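One structure is given below, encoded as C-alpha cells.
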Amino acid sequence: MPHGTWHHPNARAYFQERQKAGRISPSLRMGDFSVAGDKGGASRKMDTKQLRRELEKRLEKKGRIFSYDREKDILRVENEDTHQGLNISLPEIAAKWVSQKEEAIEEVVYYAEEALGVMGKNHSLHGREKSIFPVIRSTSFPAEAPGGIPFLTDAHTAETRIYYALDLGNTYRLIDFQMLEREGWSPEHVRETARFNLRSLSTKMKKDTVAGNDFYFLNTNDGYDASRILNEKFLQEMSVKTEGEMVLAVPHQDVFIIGDIRNETGYDIIAQMAMNFFANGHVPITALSFLYQDGELEPVFILGKNRKS
C-alpha cells in the first residue's frame with residue numbers, strides 16, 4: 001500500500017508555528033489558511049505548465065498517452081490500448097512544491113508508476129484474504145472503475161465513503177463488482193474480511209497536549225491510518241479515556257487524529273491541523289472534523305454555532 005508523508009509530527013509544534021504566524025484564533029476562519037506558506041509564498045509557486053512538461057517527461061513510456069484538461073488543469077496519463085489511466089491535479093502538486101520542492105514531483109511520479117503498472121491486470125482475491133482492507137475516501141472520489149463498473153462501497157458520512165482494497169504491496173486495487181463476480185465473492189464476505197483485517201492493525205498513537213486539550217495521532221504509514229476510524233472497538237476505548245468532547249479527523253489517507261477537546265481553542269487547533277494535512281496529503285479525504293458521540297459521527301462545522309462557550 002502506498003505510504004505518505006506526515007509534515008507536522010505533533011500538535012504543539014504545529015500550534016506554535018501557527019501562533020507565531022497569527023493563525024490561531026478563537027474561531028476557525030477559512031481565510032487564515034494558505035497552502036502557499038508564509039511571506040512570498042505566491043512568488044515561489046511552480047507554474048502548472050512547467051509542472052505538466054516535467055511530469056510528461058518523467059512518465060513518458062512506450063504505449064502511454066497524455067491528455068490535458070485545460071479547464072480543470074488536470075493531466076491524464078493512460079495506456080493507449082486499454083485506455084485505463086489516472087488523472088493528476090496539477091494545482092495540488094504545484095502547491096505542494098512550495099514546501100516540498102523536488103520531493104513533491106518524485107512522490108507523484110512514484111505513485112503514478114506504481115498505479116499504472118498494475119492497471120489492466122487481473123488480481124485474484126483467493127489466497128489474499130489477509131490483504132483486503134477498507135479504505136476511506138472523499139465522496140467526490142469516483143464511485144466507478146473505468147468502463148463504468150461500480151466499486152464496492154458503503155456510506156460513511158456526508159463527506160466520506162468506504163471502499164475496499166486488495167493490498168498489492170506498494171499499491172492497491174480497489175475492489176469492484178466485476179472482480180466479485182469473477183471471484184465468486186459476495187459483498188458481505190469482502191466487508192467481513194476487511195473489517196477483521198482492520199482490527200489486526202496497530203492502534204498505537206502519539207499524544208500531545210496543547211492549550212488544555214489532548215491530541216492523539218496515528219501515523220504508521222501502512223496506507224490504512226484513516227481506516228482506523230472504522231474500528232468501532234478502538235473508538236469506544238478512546239471515548240472512555242476522553243474527558244471533553246471526542247473529535248476525529250481523517251484529512252488524508254495516512255493520518256488519523258483524535259482530539260479530546262475541552263475548550264474553544266481545541267476546536268480551532270484540530271480544525272486548522274485537519275485543513276493543513278488535507279492540503280499536503282497524497283490522498284486527501286476531508287478537511288472537516290467529526291464529533292464522535294454514541295457511535296455516531298457529526299461534522300463539527302454544523303455544531304459550531306451550537307457549542308456552548
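In segment 98-111, what count of residues is obtained for those that are surrounded by 19 or more Cβ atoms within 10 Å (Cβ to Cβ) and among the acidic types (Asp, Glu)?
Qualifying residue count for the region: 0.
Of the residues 95, 115, which single one is buried (at least 20 other Cβ atoms within 10 Å of the Cβ) and either in contact (Cβ under 8 Å) with a residue 24 or more places away in the chain or of a type in the set (Gly, Ala, Ser) (or both)?
95
Going through segment 156-166 one residue at a time, which ones are farther than 12 Å from residue 135 by Cα and of a type outside the set (Ser, Thr, Tyr)?
Scanning segment 156-166 gives 158, 159.
Inspect segment 233-244 for any residue being modelled with pLDDT of 90 or more and either within 24 Å of residue 171 (Cα to Cα) or crowded, with 22+ Cβ neighbours inside 10 Å (or both) and give the result as yes or no.
No.
Those residues that are in a loop (DSSP other than H, G, I, E, B) and either buried (at least 23 other Cβ atoms within 10 Å of the Cβ) or in contact with a strand residue (DSSP E or B) (Cβ under 6 Å, 6 or more places away or on another chain) (or both), I need them from segment 246-285; list them, please.
Matches in segment 246-285: 250, 251, 253, 254, 255, 262, 281, 283, 285.
Which of the residues belonging to segment 62-84 are more than 25 Å from the chain's Cα centre (by Cα) and at pLDDT below 90?
If the condition is that a residue be more than 25 Å from the chain's Cα centre (by Cα) and at pLDDT below 90, then 62, 63, 79, 80, 81, 82, 83 are the ones that fit.
Among the numbered criteria (1) surrounded by 14 or more Cβ atoms within 10 Å (Cβ to Cβ); (2) hydroxyl-bearing (Ser, Thr, Tyr); (3) in contact with a Phe, Trp or Tyr (Cβ under 8 Å, 6 or more places away or on another chain), which one does residue 209 miss?
Unmet for residue 209, out of (1) surrounded by 14 or more Cβ atoms within 10 Å (Cβ to Cβ); (2) hydroxyl-bearing (Ser, Thr, Tyr); (3) in contact with a Phe, Trp or Tyr (Cβ under 8 Å, 6 or more places away or on another chain): (1).
The conditions are (1) in contact (Cβ under 8 Å) with a residue 60 or more places away in the chain; (2) in a loop (DSSP other than H, G, I, E, B); (3) not hydroxyl-bearing (Ser, Thr, Tyr), and residue 123 fails exactly one of them. Which is it?
Unmet condition: (1).
The values are calculated or read from the model by the stated rules, or taken from the named source; none is laboratory data. Computed from a predicted model, the values in this text were never measured in an experiment. We place every Cβ from the backbone using ideal geometry, glycine too, and count neighbours over all the protein chains shown.
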